[in-house]
1. Is it the case that ALA216 is more than 13 Å from MET140 (Cα to Cα) and part of a helix (DSSP H, G or I)?
2. Can you tell me which residue within the range 243-271, out of those that are assigned to a loop (DSSP other than H, G, I, E, B) and not aromatic (Phe, Trp, Tyr), is surrounded by the most Cβ atoms within 10 Å (Cβ to Cβ)?
3. Of everything in the range 67-83, what is within 11 Å of the ligand (Cβ to nearest atom) and either among the aliphatic types (A, V, I, L, M) or touching a residue at least 40 places away in the same chain (Cβ under 8 Å) (or both)? Give them in sequence order.
4. Would you pick out the residues in the range 63-121 that are closer than 16 Å to ALA147 by Cβ, more than 12 Å from the chain's Cα centre (by Cα) and hydrophobic (A, V, I, L, M, F, W, C)?
5. Need the failing condition index for ALA198 against (1) under 20 Å from ILE229 (Cβ atoms); (2) touching a strand residue (DSSP E or B) at 6+ places or on another chain (Cβ under 9 Å); (3) more than 15 Å from the ligand (Cβ to nearest atom), just the number.
6. Evaluate the following for ALA274: is it among the small types (Gly, Ala, Ser), away from the ligand (no atom under 15 Å from the Cβ) and assigned to a loop (DSSP other than H, G, I, E, B)?
7. Quick test for you: out of THR59, THR86, pick the one residue that is more than 14 Å from the ligand (Cβ to nearest atom), out of contact with any helix residue (DSSP H, G or I) (no Cβ under 8 Å at 6 or more places or on another chain) and outside any strand (DSSP E or B).
8. Considering (1) of a type in the set (S, T, N, Q); (2) under 25 Å from LEU21 (Cα atoms); (3) assigned by TED's automatic domain parsing to the domain that holds LEU182, say which one SER137 fails and leave the rest.
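The values are calculated or read from the model by the stated rules, or taken from the named source; none is laboratory data. Keep in mind the model is a prediction, meaning the values are calculated, not measured. Heads up, the Cβs are rebuilt from the backbone with ideal geometry, glycines too, and the neighbour counts pull from every protein chain shown.
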Amino acid sequence: MIKLPQLVKTQFLSVQDVATLINRMGLETVFKGMASYIREDYLRWQDFEKCARVANHSTDGVIELMPISDAKTYAFKYVNGHPKNTAIGLPCVMAFGVLADVDTGIPEFMSELTLSTALRTAAMSAVAAQVLARPDSKCMALIGNGAQSEFQALAFHYLLGIEEIRLYDTDPQATAKLLANLQSSGLRLTVCDSVAEAVRGANIVTTVTADKTNAAILTLNHIEPGMHINGVGGDCPGKTELHPDVLRASSVFVEYEPQTRIEGDLQHLPADFAVTELWQVLAGQTPGRSHAKEITLFDSVGFALQDYSALRFMRDAAIELGLGQVVSLIPELVNPKDLFVLLQPDSHATPAPLMNKTSQTAARRTLIQEVVLTA
Ligand SMILES: NC(=O)c1ccc[n+]([C@@H]2O[C@H](COP(=O)([O-])OP(=O)(O)OC[C@H]3O[C@@H](n4cnc5c(N)ncnc54)[C@H](O)[C@@H]3O)[C@@H](O)[C@H]2O)c1
């Protein structure tokens with residue numbers, strides 16, 4: 001019997017591919033799609049092997065690996081958080097990730113996740129707010145107007161019907177950028193001079209600041225009965241946004257408790273402070289908001305399951321739109337025990353340069369024909 005090389009395909013989505021995908025589908029459709037993938041995966045919570053992410057800390061930042069898997073698919077994200085990066089022209093958050101086949105380990109899909117993280121974080125915030133915020137919420141305060149902020153504003157506009165956003169950032173240029181980017185969004189945008197001014201009368205307060213410090217951007221005097229707080233920027237040991245009294249006054253909801261205890265605003269509270277994992281609310285096992293005056297708080301840190309959902313959504317949407325390319329990430333070998341053959345200059349199995357789908361298919365056909373002829 002003729003032995004053919006094991007074909008290993010990795011579909012790759014670049015930043016440009018993801019931007020094209022969003023522009024073709026429309027941001028509203030992408031948010032709705034991603035939110036429904038997140039909800040679907042959260043309803044399968046027990047199917048996943050979960051762990052808190054692995055974090056390597058340095059003075060100014062952190063680099064994290066976020067793995068998760070079910071019986072069929074393994075996913076991971078590489079992500080950093082370096083609040084000082086923007087001063088040297090780099091994003092605070094940069095990421096990429098992979099979906100792999102559990103049976104063989106083949107990395108089947110690899111994508112940029114910087115843009116996709118902003119999408120999935122905002123979609124996750126909105127999914128949480130749908131069960132935690134008052135259903136008549138129309139006004140949101142947005143504290144921190146950096147890279148994530150437009151995505152938060154638009155997800156809440158499209159998925160919750162938020163009509164007005166009250167903006168505050170210590171950097172007025174960040175707020176000016178947000179205003180310019182969202183001028184034709186249909187949102188009413190109000191620039192505020194302080195956190196107190198921004199949150200006054202808001203139904204929802206989103207904090208999405210970046211500073212590697214134990215900050216108390218929201219204090220108890222800012223909080224009004226019935227508010228929903230969406231705390232996004234406190235996501236690392238020693239990097240928080242909310243005064244502990246804000247958590248004490250609230251019903252606190254988290255993604256994955258073992259991780260949030262280490263990374264969330266929750267890190268300032270004792271280990272027995274009660275919290276609810278969001279999947280329980282989405283599954284109908286626990287109520288979300290139970291009355292109009294309750295203060296609810298989503299202590300978001302970003303959990304691997306959201307990235308699993310985001311990667312799944314991006315893969316499916318890219319297939320539908322014919323975007324991305326096949327890359328040669330793993331060698332294709334006639335004899336899987338002969339990796340050394342790759343070092344031969346005329347090896348058929350030499351990793352191919354980046355190719356689009358058509359040329360990749362043609363190259364495969366040629367390779368198989370040659371193997372058949374020489375066998
Ligand atoms: N929870 C999650 O899933 C998740 C996902 C992505 C990013 N994040 C976090 O969200 C935060 C924001 O990320 P980004 O990419 O938008 O960062 P960014 O650096 O682009 O923007 C952060 C903004 O916060 C502002 N800021 C800092 N301190 C402030 C303060 N005291 N009051 C008001 N504004 C203040 C800065 O001026 C800046 O404009 C980061 O901390 C990041 O780690 C969390």
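1. On the way: more than 13 Å from MET140 (Cα to Cα): yes; part of a helix (DSSP H, G or I): no.
Against the criterion (more than 13 Å from MET140 (Cα to Cα) and part of a helix (DSSP H, G or I)), ALA216 does not qualify.
2. So in the range 243-271, the residues assigned to a loop (DSSP other than H, G, I, E, B) come out as 243, 249-250, 255-256, 264, 269-271.
Remaining after also requiring not aromatic (Phe, Trp, Tyr): 243, 249-250, 255, 264, 269-271.
Numbers: HIS243: 21, ALA249: 16, SER250: 21, GLU255: 23, GLY264: 30, LEU269: 17, PRO270: 7, ALA271: 6.
Filtering the range 243-271 for residues that are assigned to a loop (DSSP other than H, G, I, E, B) and not aromatic (Phe, Trp, Tyr), the one surrounded by the most Cβ atoms within 10 Å (Cβ to Cβ) comes out as GLY264.
3. Residues of the range 67-83 within 11 Å of the ligand (Cβ to nearest atom): 77, 79-83.
Result: LYS77, VAL79, GLY81, PRO83.
4. Once the filter is applied, which keeps residues that are closer than 16 Å to ALA147 by Cβ, more than 12 Å from the chain's Cα centre (by Cα) and hydrophobic (A, V, I, L, M, F, W, C), the range 63-121 yields ALA87, ILE88, LEU90, CYS92.
5. For ALA198, the failing item is (3).
6. Spelling it out, ALA274 is indeed among the small types (Gly, Ala, Ser), away from the ligand (no atom under 15 Å from the Cβ) and assigned to a loop (DSSP other than H, G, I, E, B).
7. Working: THR86 fails: more than 14 Å from the ligand (Cβ to nearest atom).
The unique qualifying residue is THR59.
8. (2)
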